Amino acid sequence: MNTVIENMKTRRSCRVFSDRIPERKLIEAVCEAGTYAPTGRGMQSPIILAVADRAMRDRLSNMNARVWNQLKAARGEQPNEGFDPFYGAPVVLVVLADRTVPTYHYDGCSVLCQLANAAHAVGLDSCWIHRAKEEFDSDEGRAILDELGIKGDYEGIGHIVLGYRAKELPAAAPRKADYVRYI
């Protein structure tokens, strides 16, 4: 089987990370692959924030956890105090996209998929984490973008957390019978 297709079929989301930090060259390889994701009209509306700084990583995790707990409270569920929505991963790749481009959301999702597959290809584990929109639509999120000198109308699309798994990943769930319909 083709190596790329096999890589896509064997990638799994990791939800228990060790604290071992990936080598910078691996993070750079994953990010570079993300820049080659297909985007509408080749506009390249997304940007990737590669966060390996522990303080910033923890700041983003805390913001994401607050959003998670607000969503849980809105559903009448108990909040998860002390929950790390990044599952202990030491690196966070945040994908934001320029809202002025009509395909920005799809472009950002394309980049997120490419990052997850690239991570697996270089031996890293990953997980796609939501709630970036709420994080970066907040005053604190906009302040972070200002601190980083990022100008423009960017929306948080998602995060790919990176690192090395702390335990074995489960096997893939069986694919549903009617997933593909040939016409």
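The values are calculated or read from the model by the stated rules, or taken from the named source; none is laboratory data. Here the structure is a predicted model, which means the values were calculated and not measured. Quick reminder, even Gly has a Cβ in these numbers, built from the backbone with ideal geometry, and neighbours come from all protein chains shown. Surface accessibility is based on the protein's heavy atoms, side chains included, excluding ligands, DNA and RNA. Shrake-Rupley method; radii C 1.70, N 1.55, O 1.52, S 1.80 Å.
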### Message
What's the total number of residues in the range 147-165 that are touching a helix residue (DSSP H, G or I) at 6+ places or on another chain (Cβ under 9 Å), more than 22 Å from THR100 (Cα to Cα) and outside any strand (DSSP E or B)?
### Response
0
### Query
Residues of the range 99-113 being in a helix (DSSP H, G or I), open to solvent by less than 60 Å² (accessible area, probe 1.4 Å) and in contact with a helix residue (DSSP H, G or I) (Cβ under 7 Å, 6 or more places away or on another chain), which ones?
ASP107, VAL111
### Query
Just to be sure, is MET56 more than 19 Å from ALA132 (Cα to Cα) and either open to solvent by less than 40 Å² (accessible area, probe 1.4 Å) or not in a loop (DSSP other than H, G, I, E, B) (or both)?
no
### Query
Of the residues in the range 72-98, how many are touching a residue at least 24 places away in the same chain (Cβ under 8 Å) and either assigned to a helix (DSSP H, G or I) or open to solvent by 60 Å² or more (accessible area, probe 1.4 Å) (or both)?
1
### Query
Tell me, which residue of the range 123-146 that is in a helix (DSSP H, G or I) and of a type in the set (Lys, Arg) is least open to solvent (accessible area, probe 1.4 Å)?
LYS133
### Message
Which of the numbered conditions does TYR36 fail, given that it passes all the others? Conditions: (1) open to solvent by 90 Å² or more (accessible area, probe 1.4 Å); (2) in contact with a helix residue (DSSP H, G or I) (Cβ under 9 Å, 6 or more places away or on another chain); (3) closer than 26 Å to GLY152 by Cα; (4) assigned to a helix (DSSP H, G or I).
### Response
(4)
### Message
Condition first: open to solvent by 80 Å² or more (accessible area, probe 1.4 Å), β-branched (Val, Ile, Thr) and farther than 16 Å from ILE160 by Cα. Now tell me which residues in the range 3-33 satisfy that.
### Response
THR3, VAL4, ILE5
### Task
Look through the range 147-183, keep the residues that are touching a residue at least 12 places away in the same chain (Cβ under 8 Å) and among the charged types (D, E, K, R), and return whichever of them is least open to solvent (accessible area, probe 1.4 Å).
GLU155
### Query
Taking the range 39-53, which residues are part of a loop (DSSP other than H, G, I, E, B) and surrounded by 14 or more Cβ atoms within 10 Å (Cβ to Cβ)?
THR39, MET43, GLN44, SER45, ALA52
